[in-house]
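Let me begin by presenting the structure, written as structure tokens, before commenting on it.
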Amino acid sequence: MAEPLVNQYGADVPKAIARMITAVQPAFDARKFVADALTGYDGLALMPRGKHIAQALHRHLPPDYAKAINILLASLDQPHGRGEGLSMASFLYLPHTLFVAQFGLDHFEDSMRAQHALTQRFTAEFSIRAFLHKHEAPTLARFRQWATDPSEHVRRLVSEGSRPRLPWASRLSAFQKNPAPVLALLELLKDDPALYVRRSVANNLNDIGKDHPAVLAQTAKQWLKGASDERRWIVQHALRSAVKRGEAGALSVLGFGKSAEVDVSNARITPTRVVMGEKVNIAFDVSNTSGKAQEVLVDFCIHYVKASGKTSAKVFKLKVLELAPKETVRLSKTVSTAEMTTRKHHAGLHRVEVLLNGQARALGVFELVAGA
């Protein structure tokens, strides 16, 4: 099992920050700061540890925010002594961004300058949201400027920071209700040269589609006009959740709006009684009943049993079939029932369906049982 990320965020983090600050501010009492930051530290999860350090910084840096943030910014590139090979090396700057979010809301320009610098070392996608809540208009105006910034990290902040449903962050309810301001930003970024930015644009548009399916479909259709391969990738990635949900608008944009003229036969689910932790194979034939060639989007869905006894559908992507007239293709997929961090399995009957251009057809069931 992978090591918990919080294990890489130990006592060495506040100690490293103390060394960096002392290098530019010798009067900083590193010993008292570290002792304060480590009080109650071990019992905290990752994000609370970052906030705990930020609060300690507030107590030990000058009370004047402008002076405090200038010290922090001057310290960013000082030697810190932490291993560069850590997968969470950039999280060293998490407390700095949380410091800005908690104590810098009344100091807009200083905080924007700080987040511009911090996002190029870590990310300011979490801290910037506090400013979108309190200072929406000026923050959006700054985003429009940053959309053409030379740094791809800053340009990505424009998209990632404005995502209505950003994971690990509070939702931007105003943009969930009215995504127009966010869409205006994405228009500026949809042909960005960096894949790092374009992936964020796609994820943002995917977020918008969860609240506004029609807006997603309309935007995707518009963006596909004269689109480059890179922009086509954005659209396909942005539509992925809507396609899994079988939304007609999204499927239509991708050319799968019509019902597929196919038969499904010879479905086989093996074994039909699966011990938790083992694998189940799902196979079936898809036959073109039309006299014309056709493309068919083929996915399949397992209705997983939840602890409550109800079921929750999980869609697995298969492929786009290019079927010649009367052609039959056999498809199969093996799925593990091993425990995952993203899914806990429960005993019971699991229904399996194939999705053809988003429309479900039953394949059968398998029974998941607890091991001995």
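Worth pointing out:
- Among the residues of this structure, Ala260 counts as one that is at pLDDT below 95, on the phi < 0 side of the Ramachandran plot and not charged (D, E, K, R).
- Scanning the range 341-369 for residues that are over 30 Å from Gly255 (Cβ atoms), part of a loop (DSSP other than H, G, I, E, B) and open to solvent by less than 70 Å² (accessible area, probe 1.4 Å) yields Arg343, His345, His346, Ala347.
- Hits in the range 111-127 (condition: under 12 Å from Ile69 (Cα atoms) and open to solvent by less than 40 Å² (accessible area, probe 1.4 Å)): Ser111, Met112, Ala114, Gln115, Ala117, Leu118
- Taken over the range 80-107, the criterion of being part of a helix (DSSP H, G or I) and open to solvent by 10 Å² or more (accessible area, probe 1.4 Å) is satisfied by Ala89, Ser90, Phe91, Tyr93, Leu98, Ala101, Gln102, Phe103.
- Candidates Asp110, Asp77: the one that is assigned to a helix (DSSP H, G or I), within 29 Å of Pro138 (Cα to Cα) and among the charged types (D, E, K, R) is Asp110.
- Selection status of Arg31, out of contact with any Asp or Glu (no Cβ under 7 Å at 6 or more places or on another chain), surrounded by 16 or more Cβ atoms within 10 Å (Cβ to Cβ) and assigned to a helix (DSSP H, G or I): no
- Identity of the residue in the range 128-182, part of a loop (DSSP other than H, G, I, E, B), of a type in the set (Ser, Thr, Tyr) and open to solvent by 30 Å² or more (accessible area, probe 1.4 Å), that ends up nearest to Thr219 (Cα to Cα): Thr148
- Meets criteria (of a type outside the set (Phe, Trp, Tyr), assigned to a helix (DSSP H, G or I), open to solvent by less than 60 Å² (accessible area, probe 1.4 Å) and over 18 Å from Leu118 (Cα atoms)) for Ala66: no
- Test for Lys51: is it at pLDDT 95 or above, charged (D, E, K, R) and either within 28 Å of Tyr196 (Cβ to Cβ) or in a loop (DSSP other than H, G, I, E, B) (or both): yes
- Among residues that are part of a helix (DSSP H, G or I), within 14 Å of the chain's Cα centre (by Cα) and not hydroxyl-bearing (Ser, Thr, Tyr), Leu188 is not included.
- Leu72 meets the conditions (1) assigned to a helix (DSSP H, G or I); (2) within 14 Å of Met20 (Cβ to Cβ); (3) open to solvent by 10 Å² or more (accessible area, probe 1.4 Å) in every case but one. The failed one is (3).
- When residues in the range 309-340 are screened for being more than 20 Å from Arg351 (Cα to Cα), among the hydrophobic types (A, V, I, L, M, F, W, C) and outside any loop (DSSP other than H, G, I, E, B), 4 of them pass.
- Within the range 195-212, tally of residues that are open to solvent by 10 Å² or more (accessible area, probe 1.4 Å) and touching a residue at least 40 places away in the same chain (Cβ under 8 Å): 4
- When Ala227 is tested against (1) over 30 Å from Ala117 (Cα atoms); (2) in contact (Cβ under 8 Å) with a residue 24 or more places away in the chain, just one condition goes unmet, and that condition is (2).
- Listed by first and then second residue, the pairs with beta-carbon distance under 8 Å, at least 6 apart or on different chains, first residue in the range 243-267 and among the hydroxyl-bearing types (Ser, Thr, Tyr), second open to solvent by less than 50 Å² (accessible area, probe 1.4 Å) and not in a loop (DSSP other than H, G, I, E, B), are Ser252/Ala217; Ser259/Leu356; Ser265/Phe284; Ser265/Asp285; Ser265/Ser287.
The values are calculated or read from the model by the stated rules, or taken from the named source; none is laboratory data. Quantities reported herein were computed from a predicted structural model and do not represent experimental measurements. Cβ atoms come from the backbone with ideal geometry, glycine included; neighbour counts cover every protein chain shown. For the accessible areas, the whole protein counts, side chains as well, though only heavy atoms, and no ligand, DNA or RNA atoms are used. Shrake-Rupley method; radii C 1.70, N 1.55, O 1.52, S 1.80 Å.
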